[in-house]
1. Across segment 94-113, which residue is surrounded by the most Cβ atoms within 10 Å (Cβ to Cβ) among those that are under 21 Å from Ala60 (Cβ atoms) and small (Gly, Ala, Ser)?
2. Residue check: is Ala59 surrounded by 10 or more Cβ atoms within 10 Å (Cβ to Cβ), in a helix (DSSP H, G or I), modelled with pLDDT under 85 and within 24 Å of the chain's Cα centre (by Cα)?
3. Can you tell me how many residues within segment 37-51 are modelled with pLDDT under 65 and in a helix (DSSP H, G or I)?
4. Please identify the pairs in which a residue from segment 42-63 that is within 16 Å of Thr112 (Cβ to Cβ) has its Cβ atom under 7 Å from the Cβ atom of a residue that is at pLDDT below 75, counting only partners at least 6 apart or on another chain.
5. I'd like to know if segment 12-27 contains one or more residues that are of a type in the set (S, T, N, Q), under 26 Å from the mean Cα position of the chain (by Cα) and either at pLDDT 65 or above or within 30 Å of Leu102 (Cβ to Cβ) (or both).
Amino acid sequence: MKNASVNAIKQQSTFNKMLMMVGALFVLCLPEIVLAASIGVGGGTGGTEFQAFYNFIYAAGTGYLGRSIAIVGGLVGLGWGAATGKGLPALIGVFLAVFGVLGPTIINALFTSAVI
């Protein structure tokens, strides 16, 4: 009975220490949270630092590189499915090919049209 009481006191002490640490962390982060909320931090489309990188990735994804990767992925999946006699790898390959062709356009439309 005494051991159960000692264990309960130790658990309560550990819980109190953790609660104090979480409270201290919250107090330390509170100014940053208030500042971020007041200036409206968000993922905007302004700024030109990454525009060249974005243009390169988008052109590669929607151009011949992205389409060839999608077609090769689809063919590998179909070949793997045919070799093992299972339908799931073939289905994954077809999904990869379709998403590889349509994916960059869908993602670009999502990110350019959504205003949060």
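The values are calculated or read from the model by the stated rules, or taken from the named source; none is laboratory data. All figures in this text were calculated on a predicted structure; none of them were measured in a lab. Here Cβ is always computed from backbone atoms with ideal geometry, including for glycine, and neighbour counts include all displayed protein chains.
1. Checked segment 94-113; the qualifying residue surrounded by the most Cβ atoms within 10 Å (Cβ to Cβ) is Ala97.
2. Criteria not met by Ala59.
3. Here the count works out to 3.
4. Gly42/Ile116
5. no
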